[in-house]
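S.K.: To start, I am sharing the structure in question, which I have written as structure tokens.
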Amino acid sequence: MAELLQFVFSGLTVGAIYALVALGFTLIYNASDIINFAQGEFVMLGGMTTVFVALAGVPLPLAALIAVIVTTAVGFALHRFAIDPARGASPVAAIMITIGASVFLRGLAQIVFDKRFHSLPPLFGSDPIQIGGAAILPQSFVVLGGAAIIVVLLRLLVDRTMLGKAVIATAANRLAARLIGVNTRHIVDFSFAVSAAIGAIAGILVTPITLTSYDVGTLLALKGFAAAMLGGIGSAPGAVIGGLLIGMTEALSAGYLSSNYKDAVAFLIILVVLVAMPHGLLGRVKVERV
Amino acid sequence: MSVRALLQSRWLPALAVAAIVVLLPLLFPSMYYYRVAALVFIFALAVVGLNLLMGFAGQVSLGHAGFLGIGAYAVAIGPAHFGLPSWLCLLAGAAISGAVAFMVGRPILRLKGHYLAVATLGFGLLVAIVLTNEAGWTGGPDGMNVPTLALFGWRARGSGTWYWIAGLTFVVGFLLARNLMESPTGRALQAIHDSEIAACVLGIDVASKKLTIFIISAVYASVAGSYLALFNGLVTPDVAGFLRSIELVAMVVLGGMGSIFGSLVGAVVLVVLPQGLTIFHEYEQALLGLIVMVFMIFLRRGIVPSLAASFAGWRK
Amino acid sequence: MTMLEAERLAITFGGVRAIDGVNISIASGQVFSIIGPNGSGKTTLLNLVSGIYTPHDGSIRLAGTTVTGLAPDQLARRGLSRTFQNLQIFSRMTALENVMVGRHRHERTGILADLLHLPSVKRQNKATAEAARAALARVGLADAAFRPAGSLAYGALKRLEIARALASEPTLLLLDEPAAGCNPVETQELDQVIRAVVKDGVTVVLVEHDMRLVMNISDRVHVLARGRTLAEGTPQEVRANAEVIEAYLGAHGLREAAHALD
């Protein structure tokens, strides 16, 4: 029982990160129909930049802030300078640009940073808290809490602000949004920037637990996408649920089956979803207009 | 056949490639060049297959090295664990790759959108994971030795021999791909690429055609992977790695999506470059990513079609 | 014989009933025109009939067989073909190659034969090219055969799509605003092409705005407004229908229709 609780908690913790990556995907996908393969790199950049800026002597909170700002700028630049110029091209082109960006960022991180694993000090110390016989790291709560706050903030942004309305309008019908004066290019810039920020924060929060290195982005992107698909591509609540489910499935299968194939879980889930329920749990059927 | 007829025949591109293969060694000052060229032809073979998928069916495979891995390990595991001859394992690897492509592609290519990209990303990573973990079969992260290909007592060993094997196989692969383009299937594929809806309305089973091409591209990659393993005498799991998959994509993009000849150009650039620049290794990932991005943003047609277009424009 | 029947057809897009309870019956060998103001659902109706959309309600029968929910390529194999309002040309191929794709459902080579370029493929390519050339000739594009499709003029592209649709030897041909953007000479040529096609036994469904063409060539006219049937009948009956005139034809259309009578 204690073991199960342990797995559930660690599963929820990584699941929260997958959920945030999936949210980032969803935000960008809704605003622009683009699947951003570089999403995982935002998480990597958040953690790695913080580590290296802190190593240079900057106090940790400031280092974290700098990391978020830098990553947000990268996200913005990705759309404005790489994706937007190619906007008339085939859908294949957008995918390739984001995958190229993902590899480029990885490669750059390898050169600018290094190839080792790095950690950050946890927010509330590293002594595990005992709950029902399971040893839970305090940082887990930080991750879960942070993720919850981000989800709520995002919801408020979308529901309560004009900017949020503009994002919804762009997502619903790009042409119509432009016709009523929404600058859709700025909206997509914005969604990339926000996704990058979310990813960066996720990276900073989880590094004390999972460590970070230059190449964590690829698997994260895959799992985040699996989460988005499981939840139903285009659905924000779905992204969150999908992320948590995948995190838990991973932890449980690693604990009870084989830890070697932990990373295969996401891939298998993708296949199952695509074959059995392409719209995911909460996705809606979209009739494509010709 | 008169010279003029030859120049206009549909055989010209294949003959040109064959001529390159035959005449190139005249320029080689040492065995090292045979080795590099052999590698170029091996990769070019895989790239031709991927190009058919990307350039004609308009789909992306982000884990194509997974098929390289299947082919490579087939000729390692087969002889080591089952005592089978290498040539049989090569065929088995191709068959397995085709079957896997069928299983992965069939449910996914039916769907709209670009789920194949994600599914193949996962597939490639999964193959690499399996190859790394199942050390009992695969030798784990250190890989395993690959016995030399032997046929009727003759052993395929050495850069010279493999240059001819790889080169001639590439010519055959090139010819088959060009044949495909000038056939009903090829027209259907080009139609799908230009307007899927119109292709569908004209009776083309789009999902089925995409699946066919996916399977063919997997087989091309598998054969190339087997050659790689047999040539090097050694396989390691990174033959199926993510970076390898991106290399293949970059070769397609560089040479020109939809240009079979461009596959060769792309392979030449990305095989020769690391050999020439030792610093390339450090910057390899960043450079690959940059190449893919830059070409997709500014030079979407790739080198060969762009050159061909500007040449045609010149003559006017 | 009834070539096409649709009953209680309905489809909704995000809360809007684009087609709401439409019934259609088209006899074989007819020219059946669908007209209506912009947004009345004409193209949606065509998309439903050609399998691009699946109706949320209702049924469709093609030559007696129920085909509701079948995909466009399945319908193509049952003899349906169509053109597109916004032109879906294969721009990277030549005009001839475009039309050759239209022959697809009559081509019989397998993937292995294609890869190896067996004699059967050579023969097939030759037969397909010949049939395609004939189709091009029927629409007057014979000498544009080897030009890249992307380089042809707009009017020529409309005819190219028709040639491509004809190449599949359909029994039912759907034309989506073929006269859009055509000058009177081109529209007259279009008129001739359609008449020739009908003479060959093809049933034609025409979605059009050009009233002159519609009134001249149609056997029956079906008027849509806001996704519903407003009226149906012969061109004369529809033209004289007060509701139709009020909702759609207006003063301008009335004048045009009057000219068509002369």
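The values are calculated or read from the model by the stated rules, or taken from the named source; none is laboratory data. For clarity, every value in this text was computed on a predicted model and none was experimentally measured. Backbone-built Cβ (ideal geometry, glycine too); neighbour counts: all protein chains shown.
S.K.: Return the residues of region B:33-86 that are of a type in the set (A, V, I, L, M, F, W, C) and assigned to a loop (DSSP other than H, G, I, E, B); say none if nothing qualifies.
M.R.: B:A57, B:V60, B:L62, B:L84
S.K.: Same structure, new question: Before we move on, is C:A149 within 20 Å of C:I194 (Cβ to Cβ), crowded, with 20+ Cβ neighbours inside 10 Å, out of contact with any Cys (no Cβ under 6 Å at 6 or more places or on another chain) and within 14 Å of chain B (Cβ to nearest Cβ)?
M.R.: When the stated conditions are applied, C:A149 does not pass them.
S.K.: A follow-up question, please. Return a yes/no flag: does region B:94-102 have any residue that is within 14 Å of chain A (Cβ to nearest Cβ) and either buried (at least 22 other Cβ atoms within 10 Å of the Cβ) or farther than 30 Å from A:I35 by Cβ (or both).
M.R.: Within region B:94-102, one or more residues are within 14 Å of chain A (Cβ to nearest Cβ) and either buried (at least 22 other Cβ atoms within 10 Å of the Cβ) or farther than 30 Å from A:I35 by Cβ (or both).
S.K.: Which members of region A:221-250 meet the condition of being under 22 Å from A:Q110 (Cα atoms) and away from every other protein chain (no Cβ under 12 Å)?
M.R.: If the condition is that a residue be under 22 Å from A:Q110 (Cα atoms) and away from every other protein chain (no Cβ under 12 Å), then no residue fits.
S.K.: Test each condition in (1) over 19 Å from A:G199 (Cβ atoms); (2) modelled with pLDDT under 80; (3) in a helix (DSSP H, G or I) for A:G181 and report the one that comes out false.
M.R.: Condition not satisfied by A:G181: (3).
S.K.: So, in region A:30-56, exactly how many residues are assigned to a helix (DSSP H, G or I), within 14 Å of chain B (Cβ to nearest Cβ) and of a type in the set (G, A, S)?
M.R.: 2
S.K.: Another question about this same structure. For region C:3-44, which positions are among the aromatic types (F, W, Y) and touching an Asp or Glu at 6+ places or on another chain (Cβ under 8 Å)?
M.R.: C:F32
S.K.: Pick from A:A54, A:A82, A:A86, A:A93: which is over 21 Å from A:L23 (Cα atoms), in contact with a Gly (Cβ under 9 Å, 6 or more places away or on another chain) and of a type in the set (A, V, I, L, M, F, W, C)?
M.R.: Sole residue among the options that is over 21 Å from A:L23 (Cα atoms), in contact with a Gly (Cβ under 9 Å, 6 or more places away or on another chain) and of a type in the set (A, V, I, L, M, F, W, C): A:A82.
Table: residues versus (1) part of a strand (DSSP E or B); (2) touching a residue at least 40 places away in the same chain (Cβ under 8 Å); (3) in the same structural domain as C:L224 (by TED's automatic domain parsing).
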| site | (1), (2), (3) |
| --- | --- |
| C:A6 | yes, yes, yes |
| C:A10 | yes, yes, yes |
| C:A18 | yes, yes, yes |
| C:S25 | yes, no, yes |
| C:I34 | yes, yes, yes |
| C:G39 | no, yes, yes |
| C:T43 | no, yes, yes |
| C:G51 | no, no, yes |
| C:G69 | no, no, yes |
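S.K.: If you don't mind, there's one more thing I want to ask. Name the pairs whose Cβ atoms lie under 8 Å apart, with the first residue in region B:278-290 and under 15 Å from B:A250 (Cα atoms) and facing chain A (nearest Cβ under 7 Å), the second charged (D, E, K, R) and assigned to a helix (DSSP H, G or I), and 6 or more positions between them or separate chains?
M.R.: Here the result reads B:Q285/A:R106; B:A286/A:R106; B:L288/B:E247; B:G289/A:R106, each pair linking region B:278-290 to a residue that is charged (D, E, K, R) and assigned to a helix (DSSP H, G or I).
S.K.: State yes or no: is B:L121 within 14 Å of chain A (Cβ to nearest Cβ), over 22 Å from the mean Cα position of the chain (by Cα), outside any strand (DSSP E or B) and not polar (S, T, N, Q)?
M.R.: Answer is no for this residue.
S.K.: Next question. Sort through A:G11, A:G15, A:G47, A:G24 and tell me the only one that's at pLDDT 90 or above, surrounded by fewer than 24 Cβ atoms within 10 Å (Cβ to Cβ) and not polar (S, T, N, Q).
M.R.: That would be A:G11, the only listed residue that is at pLDDT 90 or above, surrounded by fewer than 24 Cβ atoms within 10 Å (Cβ to Cβ) and not polar (S, T, N, Q).
A quick yes/no check of all residues on (1) touching a helix residue (DSSP H, G or I) at 6+ places or on another chain (Cβ under 9 Å); (2) buried (at least 23 other Cβ atoms within 10 Å of the Cβ); (3) within 14 Å of chain A (Cβ to nearest Cβ); (4) closer than 23 Å to C:P235 by Cβ:
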{"position": "C:R8", "(1), (2), (3), (4)": "no, no, no, no"}
{"position": "C:F13", "(1), (2), (3), (4)": "yes, no, yes, no"}
{"position": "C:N23", "(1), (2), (3), (4)": "no, no, no, yes"}
{"position": "C:G29", "(1), (2), (3), (4)": "yes, no, no, yes"}
{"position": "C:N38", "(1), (2), (3), (4)": "no, no, no, yes"}
{"position": "C:H56", "(1), (2), (3), (4)": "no, no, yes, no"}
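S.K.: Residues in region B:146-160: is at least one closer than 30 Å to A:V273 by Cα and without any contact (Cβ under 8 Å) to a residue 40 or more places away in the chain?
M.R.: No, there is no match, as no residue in region B:146-160 is closer than 30 Å to A:V273 by Cα and without any contact (Cβ under 8 Å) to a residue 40 or more places away in the chain.
S.K.: If you don't mind, there's one more thing I want to ask. Please report, ordered by residue number, the strands (runs of 3 or more DSSP E) entirely within region C:162-244 with at least 2 residues that are of a type outside the set (A, V, I, L, M, F, W, C), surrounded by fewer than 17 Cβ atoms within 10 Å (Cβ to Cβ) and in contact with a strand residue (DSSP E or B) (Cβ under 8 Å, 6 or more places away or on another chain).
M.R.: Output list reads C:228-233.
S.K.: Is it true that some residue in region A:96-119 is at the interface with chain B (Cβ under 9 Å from one of its Cβ atoms), farther than 17 Å from B:Q285 by Cα, assigned to a helix (DSSP H, G or I) and among the aliphatic types (A, V, I, L, M)?
M.R.: no
S.K.: Do you know which residues across region C:62-90 are farther than 28 Å from C:A156 by Cβ and facing another protein chain (nearest Cβ under 9 Å)?
M.R.: Across region C:62-90, the qualifying residues are C:A71, C:Q74, C:R77.
S.K.: Output yes when any residue across region A:251-274 is assigned to a loop (DSSP other than H, G, I, E, B), more than 16 Å from B:L121 (Cβ to Cβ) and either more than 14 Å from every other protein chain (Cβ to nearest Cβ) or among the aliphatic types (A, V, I, L, M) (or both), and no when none is.
M.R.: Within region A:251-274 (the criterion being assigned to a loop (DSSP other than H, G, I, E, B), more than 16 Å from B:L121 (Cβ to Cβ) and either more than 14 Å from every other protein chain (Cβ to nearest Cβ) or among the aliphatic types (A, V, I, L, M) (or both)), the answer is yes, since at least one residue qualifies.
S.K.: Quick one: C:A127 ticks every box in (1) surrounded by fewer than 18 Cβ atoms within 10 Å (Cβ to Cβ); (2) within 21 Å of the chain's Cα centre (by Cα); (3) in a helix (DSSP H, G or I) except a single one, so which number is it?
M.R.: Against the list (1) surrounded by fewer than 18 Cβ atoms within 10 Å (Cβ to Cβ); (2) within 21 Å of the chain's Cα centre (by Cα); (3) in a helix (DSSP H, G or I), C:A127 comes up short only on (2).
S.K.: Filter region A:155-168 for residues that are in a helix (DSSP H, G or I) and either at pLDDT below 80 or surrounded by fewer than 19 Cβ atoms within 10 Å (Cβ to Cβ) (or both) and give the result.
M.R.: If the condition is that a residue be in a helix (DSSP H, G or I) and either at pLDDT below 80 or surrounded by fewer than 19 Cβ atoms within 10 Å (Cβ to Cβ) (or both), then A:R155, A:L156, A:L157, A:V158, A:D159, A:R160, A:M162, A:L163, A:G164, A:K165, A:V167, A:I168 are the ones that fit.
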